[in-house]
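Structure first, then comments.
Please treat every number below as a calculation from the coordinates, not as lab data. No experiment lies behind these values; they were computed from the predicted model shown. No Cβ is skipped: glycine too gets one built from the backbone with ideal geometry, and neighbour counts run over all protein chains shown.
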Amino acid sequence: MFSRLILESFLRQRRRKLLAALAILLGTTAVTAMLAIGTSVGDKITREMAAYGANIVVYPAADALDVEIGGVNVRPATAGSYLRENELAKIKNIFWRNNVADISPELPVTASLTSGQRTVQVPATGYWFQHTLHSTDPSSGESWTMGAPALHPWWKLRGAWPREGSSEIAVGSELARQLQLHIGDTVLAQGQPVRVAGIVSSGDATDRTLLVPLGLAQRWIGHPGAVRRVYVGALTKPEDALARKNPDKLSPKLRDRWYCSPYANSIAYQIQEVLPNTRAEQIRRIAQGEGTILSRISGLMLLVALAALVAAGLAVGASMTTAIVERRQEIGLMRALGATRVIIAGLFFVEITVLAVAGGVAGYLLGSALAHHIGDQVFGSPIAFNPALLPATLLLSLVVSLAGSAPSIWQATQMEPATVLREEG
Amino acid sequence: MSQKGLSLPLLLRRSLLHRRGRTAAEMIALTVSAAVATALLTLYASLDQKLHHQFRAFGANIVVTGQSSAGNAGLPANALEIARNTAGSDARVVPFVYAVAQTQSGAPIVVAGTDMAAVRQMNSWWQVSHWPETRNSAGTGGPVEVLTGVRAAQALGSDRFELVYNGKVLSAQTAGTLRSGDADDSRVYLPLDIFEKWTGLTPTTLEIQAAGSAQHVQTVLQRLRRALPGTEIHAVHQLVEAESNVVSRTRSLMLSSLVLIAMTVAVSVLATLTASVFERRRDFAVMKALGAAQHRVIVIFLAETVLLALLALVCGYVLGCGIADLIGEWNFHTSIAPVWRVLPQVALLNVVVALLAAAIPMRLLRRLDPATLLRGE
């Protein structure tokens with residue numbers, strides 16, 4: 001009898017159910033979409049932040065001081081010590097290897113450049129441009145394409161990047177203007193002919209330098225395999241109180257947590273572990289700035305998600321009240337026919353539960369699809385379905401629906417059947 | 001029907017006051033809808049400014065240097081003042097001058113002179129163990145308090161050291177160490193006036209932080225170029241480009257959220273108004289039975305709805321401004337002032353949503369048959 005009552009109610013009162021179902025559907029859709037966006041916005045913005053370039057730098061521990069003014073290193077090229085190029089793949093072995101998006105070694109040198117009759121001394125830097133880095137574990141067969149252009153998205157290139165192992169170079173735009181160099185020209189660098197493959201404009205000191213393949217710079221200074229410093233672009237988590245702690249002074253449990261969080265500090269620490277005799281430091285200007293922006297935007301989106309939650313709760317609650325108010329007469333009739341209050345309340349609660357679960361599931365699917373679409377539109381990469389949101393959404397839709405309808409049901413069952421039946425038509 | 005006692009205002013007043021619970025429910029739904037719309041629109045309107053303000057964390061986005069391919073050319077003596085006046089009141093301008101000095105062991109080291117108080121504000125990412133006193137012992141003849149980069153401190157070995165520039169000796173005392181992860185770690189920073197007295201050099205670089213969109217930075221750049229001829233001025237592309245990217249994406253995200261939430265709120269208003277009509281079918285039936293024309297009943301209902309919507313608009317606007325301000329305090333640590341120009345938008349939204357929500361229950365009203373209803377069937 002009870003189940004038939006519910007079935008009939010759904011079959012015969014489709015219009016009345018529609019509004020309630022619509023409210024639950026829309027409310028859960030909004031909440032799911034907003035929660036999906038709010039929880040993944042940090043990840044998306046982190047990827048956008050890659051445009052700021054490297055956030056970790058690695059240099060030899062025993063290195064002499066940098067003598068750098070205005071982005072130009074005036075230290076004699078022979079001073080100091082080097083990292084070894086063939087060890088860099090080890091950076092891809094650390095715990096957070098998948099967060100290491102880019103590795104870019106640099107070797108600053110000074111080159112004598114002869115163009116036409118003029119010979120000038122110019123700063124030059126050896127880079128990887130499109131280097132294929134193979135995993136240190138040959139059985140995995142993994143390899144990555146890495147280099148300076150990916151870590152310097154603000155470099156504007158005309159022409160092409162020099163090919164690895166070739167005698168090609170790229171020239172900073174300012175230097176190219178001064179020396180009247182053009183793409184395709186051949187000049188003498190350190191006495192050897194090199195071809196200008198591209199011209200780079202960066203808006204900083206790089207505009208006045210040569211950009212050459214790392215191997216070429218190493219040959220010029222006679223140090224095969226030498227690298228002065230390595231820039232690493234890593235996806236990191238904003239720094240919190242734990243991140244600033246010295247890991248060697250933490251309790252083993254806290255240290256594990258520190259080690260297993262993708263802080264810039266812990267990634268730097270792990271790089272130092274795999275590359276002995278090096279110093280890895282977070283580039284605080286970039287890392288700290290990214291952290292600030294990231295926490296502000298995530299915070300904002302979570303607050304907006306909270307607003308969506310309140311709005312959805314209100315919508316569902318209001319529509320539930322409406323649904324009950326419309327059916328007061330029906331309640332009166334059932335009471336007159338001898339149904340107890342408990343049975344009536346039970347009937348309504350079961351109905352609402354069915355609606356809330358169906359609406360919640362549909363809303364979850366719709367909201368996830370919406371978040372997917374918004375992520376695609378805004379960030380160019382979709383926001384993945386998050387199954388953890390389903391129970392949360394369902395619970396929410398149930399609690400809000402039941403809480404929203406309880407007062408009206410209570411009110412309706414308290415009324416004298418005779419009054420209700422006479423009063424309304 | 002033209003009797004005084006049944007004029008529209010009176011009818012409205014009675015109708016609104018008679019069923020207080022119903023009126024309150026409608027008011028709440030409409031107020032919340034106005035408040036949420038106001039809060040989100042206010043946030044959206046001040047989002048750019050607030051976000052750009054946060055991007056100050058990345059430091060200077062414009063660099064002014066003396067024009068010389070050889071490097072250390074000084075800037076005009078009044079460049080700092082001109083730049084401060086040109087860049088605007090909310091911009092930060094910090095002068096720098098660099099020199100390569102020798103340590104006691106003869107190794108080269110970069111020494112920089114700067115305005116300590118200003119750099120502390122601008123380079124918030126500097127991790128400094130202790131800032132030197134702004135007025136330090138320059139006059140007393142004792143060692144000068146300096147800020148030593150962590151790598152420089154390691155190379156120097158001691159907190160008390162001497163630096164030589166052009167044969168002139170400066171005895172320095174490390175007040176605190178500086179960690180930044182870039183070239184600053186290898187430098188020693190001293191107060192500008194002491195640096196100038198020691199080396200005879202004047203500022204060669206101004207780092208300027210103009211908070212705002214890429215367009216604003218470009219405007220400041222143009223103004224500076226006109227005000228400071230003979231200098232080289234460029235924007236830090238690395239920062240400006242990434243910033244506009246992140247801000248515009250956040251804005252689109254905020255806009256989609258706004259639409260989604262506005263829709264949800266509209267449903268709650270719709271549900272509440274439907275319930276309201278339903279509860280009052282009898283009232284309307286009586287009015288019809290007494291000879292009120294169809295349109296008059298509808299006018300009463302609409303007038304009621306619009307009146308409530310406007311009333312809710314005022315409460316909602318005030319509430320929404322408060323919520324926006326609270327979110328600003330929580331998230332951006334600055335208050336968000338009420339934005340007047342969102343008021344018409346909220347008003348339009350609220351009234352449109354209310355009328356739309358009223359349109360559906362109105363169809364119920366039109367189909368009302370007074371006889372059936374009043375007989376109680």
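On a 0 to 90 degree scale, rounded to 10, what angle separates helix B:20-54 from the longest Cα axis of chain B?
Tilt of helix B:20-54: around 20 degrees.
Report the FRET efficiency, 1/(1 + (r/R0)^6), for A:N98 and A:L395, where r is their Cβ-Cβ distance and R0 is 41 Å, rounded to 0.05.
Taking R0 as 41 Å, the efficiency between A:N98 and A:L395 is 0.80.
Let me have the 222 nm mean residue ellipticity of the protein assembly as shown computed from DSSP H runs of 4+ only, each contributing -39500 (n - 2.57), with the sum over all residues rounded to the nearest 500.
When only DSSP H runs of four or more count, the value is -17500 deg cm²/dmol.
Please say if the stretch A:55-282 is rounded, prolate or oblate, where rounded means a/c under 1.5 for a ≥ b ≥ c the square roots of the C-alpha gyration tensor eigenvalues, and otherwise the choice is prolate for a/b larger than b/c and oblate otherwise?
Because a/c hits 1.5 or more and a/b exceeds b/c, the stretch A:55-282 counts as prolate.
Once fully extended, how much extra length lies between B:A371 and B:Q215, figured as 0.36 nm per residue of separation less the alpha-carbon to alpha-carbon distance?
Here the answer is 49.3 nm.
Taking 10 °C and 1.306 mPa s as the conditions, I'd like the Stokes-Einstein D for chain A in µm²/s, using the Kirkwood hydrodynamic radius from alpha carbon pairs.
60
Go through A:G289, A:H373, A:Y59 and say which Cα lies farthest out towards the positive end of the charge dipole of chain A; charges sit on Cβ, +1 for Lys and Arg, -1 for Asp and Glu.
Ranked along the dipole, the leading option is A:H373.
Within 10 Å of each Cβ of A:23-36, how many other protein chain Cβ atoms are there on average?
3
Within the set A:K92/A:K249; A:K90/A:K245; A:K92/A:K156; A:K245/B:K168; A:K245/B:K197; A:K253/B:K50, which residue pairs have Cα atoms separated by over 31 Å?
Among A:K92/A:K249; A:K90/A:K245; A:K92/A:K156; A:K245/B:K168; A:K245/B:K197; A:K253/B:K50, the Cα-Cα distance tops 31 Å for A:K245/B:K168; A:K245/B:K197; A:K253/B:K50.
Take every Cα pair under 8 Å in chain A that's 6+ residues apart, average their separations, divide by the length, and report that relative contact order as a whole percent.
Relative contact order for chain A comes out at 26 percent.
Once you have a ≥ b ≥ c as the square roots of the Cα gyration tensor eigenvalues for the stretch A:232-303, tell me rounded if a/c is under 1.5, and otherwise prolate or oblate according to whether a/b is larger than b/c.
oblate
For A:V72, B:V267, what's the fewest-to-most ordering of other Cβ within 10 Å of each Cβ?
In increasing order of surrounding Cβ atoms, one gets A:V72, B:V267.
Under a point spin-label approximation (7 Å from Cα along Cα-to-Cβ), what is the A:R84-A:F10 distance to one decimal in nm?
Here the answer is 7.0 nm between the modelled labels.
Need one value for A:201-210: mean number of C-beta atoms belonging to other chains within 10 Å of its residues' C-beta atoms.
2
Just to be sure I understand the model, the point goes 7 Å from the Cα along the line to the Cβ. What's the resulting B:V164 to A:S251 distance in nm?
5.4
If R₀ is 45 angstrom, what is the calculated FRET efficiency for the pair A:L22 and B:D90, using the beta carbon separation as r and rounding to 0.05?
For A:L22 and B:D90, the calculated efficiency is 0.40.
Averaged over its residues, how many other protein chain Cβ atoms are within 10 Å of peptide A:287-299's Cβ atoms?
So the per-residue partner count for this stretch is 6.
Once R0 is set to 60 Å, what does the formula 1/(1 + (r/R0)^6) return for the Cβ-Cβ distance between B:A359 and B:E196, expressed as a FRET efficiency to the nearest 0.05?
The formula returns an efficiency of 0.20 here.
Give the long-range amide H neighbours of A:A111: residues separated by 5 or more places, or on another chain, with amide H under 5 Å away, using H modelled in the peptide plane at 1.01 Å from N.
Amide H neighbours of A:A111: A:V122, A:A124.
Charges at C-beta only: +1 for Lys and Arg, -1 for Asp and Glu. How large is the resulting dipole of the protein assembly as shown about its Cα centre, in Debye rounded to 20?
Around 2900 debye, computed over the protein assembly as shown.
Using modelled backbone amide H atoms (1.01 Å from N, in-plane), which distant-in-sequence or interchain residues come within less than 5 Å of A:R279's amide H?
For A:R279, the qualifying residues are A:Y59, A:A61.
What order do you get for A:D63, B:D185, B:D283, A:D240 when you list them from fewest to most C-beta neighbours inside 10 Å?
Fewest-to-most Cβ neighbours within 10 Å comes out as A:D240, B:D283, A:D63, B:D185.
Take the alpha carbon gyration tensor of the protein assembly as shown, find the square roots of its eigenvalues, order them as a ≥ b ≥ c, and report rounded if a/c is under 1.5; if not, report prolate when a/b exceeds b/c, else oblate.
prolate
Could you sort A:102-110, A:156-164, B:304-312 so that the peptide with the highest average Cβ count within 10 Å comes first and the rest follow in order?
A:102-110, B:304-312, A:156-164
Among B:E81, A:E239, which comes first, then next, by fewest other beta-carbon atoms within 10 Å?
B:E81, A:E239
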